[in-house]
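Presented below is the structure to which this report refers.
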Amino acid sequence: MQEQIEKIKQGALTEIGRCQSEKELEKILYKYLGRKDGQLTAILRGVSELPEEQRQTIGSLANKARAEIDQALQKKKAGMANAGAAQTGYFDVTVPGAKPTTGHMHPLTRIRLEVQDIFKSMGFKVYEGNELTDLYYNFLSLNFPDNHPAMDSYDTFFIKEDPKKKIKPEERRMMRAHTSNMQVRIMEQNKPPLKVIVPGRCFRNEATDASHDHTFHQVEGFVVDENISIANLVYTQKALLSKIFGQEVKVRLRPGYFPFVEPGFELDCSCIICGGKGCSVCKRTGWVELIPCGMIHPKVLESAGYPKGKYTGFAFGMGWSRLAMMKYEIDDVRLLLNGDMRFLEQF
Ligand code: PHE
């Protein structure tokens, strides 16, 4: 008997839980608590005929079950009334509302907007760039001689050209391996003074791992004018990084080779995770390699058609994905683009 009561109660509660309309709710009421043939009513009615020693326990158990079912019915009914409040004009303000799910910005977008704001405040213009580019803008205009081994570290995805269309070698199309493909394109269309950033997506034919992906993001930047020096370069980067990380950072330059800058540098930033003491992120050195940069090579300024010797400039190619990883402590670059909601919902 006790088991039967429990079964009836559970049955009623599940049905109430699933119930979608007031009509259905009424049916459930009749089925279990109806005066004529409600399942629980039948049991309650039989209590008086039970042997003395069972009467008390079964009676109170059945009454408790009835109260529970009744309560669940009331609650559900109130919920339904609220849902229909728009029609009826009745609204119970004490019922918790349904939270609408809202989207939010991707961590890369957040960083881009931040970086853009900082550069705009320093007078830079923001350009969008061509992801599909050609041998000339990706390499030749940037002082990579054709077939030079320096191209090896920028291997990318090439477009299969129609062999019937006789294209010139420098027009061979490919996905850009770096945002530097925009340098000469923008210089050709603008006269100095020039202060520009180009946030964008880049592609490389790479075996992927935690720090390499075939698709990643960079922010290119360059300044061209008369008398631009390394001091301008260092100051700009230091100002940017201090703003982004919300604290004064130290920077240092090491020599780095890129055909389109001379001298070329790797700009390191003091590790913000450990404050320069040494940790796993900075590989115990206290410094994190963040921004390849340098003074624009005269050959690049020449590609742009600028008068020889008149202008100087600096350029940098910041790892935008890298920056997001540093800022949000993300340990695998592939997470940024694989669309896993469990990852994205954390931002
Ligand atoms: N384009 C280079 C790269 O992707 C980075 C760079 C940009 C270096 C500008 C110097 C100046 O590796």
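Worth pointing out:
- Taking helices (runs of 4 or more DSSP H) as the structural unit, no element lying wholly within region 1-67 holds at least 3 residues that are of a type in the set (D, E) and open to solvent by less than 80 Å² (accessible area, probe 1.4 Å).
- Exclusive hit being touching a residue at least 60 places away in the same chain (Cβ under 8 Å) and either out of contact with any Phe, Trp or Tyr (no Cβ under 7 Å at 6 or more places or on another chain) or within 13 Å of the ligand (Cβ to nearest atom) (or both), set Q189, Q183: Q183
- Failed criterion for G256 (all others in (1) within 14 Å of the ligand (Cβ to nearest atom); (2) open to solvent by 60 Å² or more (accessible area, probe 1.4 Å); (3) of a type in the set (G, A, S) hold): (2)
- Pairs are defined by a Cβ separation below 9 Å, a sequence spacing of at least 6 or placement on different chains, a first member in region 87-110 that is part of a loop (DSSP other than H, G, I, E, B), and a second member that is open to solvent by 70 Å² or more (accessible area, probe 1.4 Å) and modelled with pLDDT of 85 or more; the pairs so defined are H104/R110; H104/E345.
- In region 259-291, the residue that is farthest from the ligand (Cβ to nearest atom) out of those that are open to solvent by less than 40 Å² (accessible area, probe 1.4 Å) and over 30 Å from the mean Cα position of the chain (by Cα) is P259.
- If you filter region 131-150 down to residues that are open to solvent by less than 30 Å² (accessible area, probe 1.4 Å) and among the polar types (S, T, N, Q), you find that the one that is nearest to the ligand (Cβ to nearest atom) is N138.
- Across region 294-347, the qualifying residues are those that are of a type in the set (D, E, K, R), without any contact (Cβ under 8 Å) to a residue 40 or more places away in the chain and part of a loop (DSSP other than H, G, I, E, B), and the one among them that is nearest to L140 (Cα to Cα) is K308.
The values are calculated or read from the model by the stated rules, or taken from the named source; none is laboratory data. Just so it is clear, the model here is predicted, and its values are computed rather than measured. Reconstructed Cβ throughout: ideal geometry from the backbone, glycine too, with neighbour counts over all protein chains shown. We work out accessible area using only protein heavy atoms, side chains counted, and drop any ligands, DNA or RNA first. Shrake-Rupley method; radii C 1.70, N 1.55, O 1.52, S 1.80 Å.
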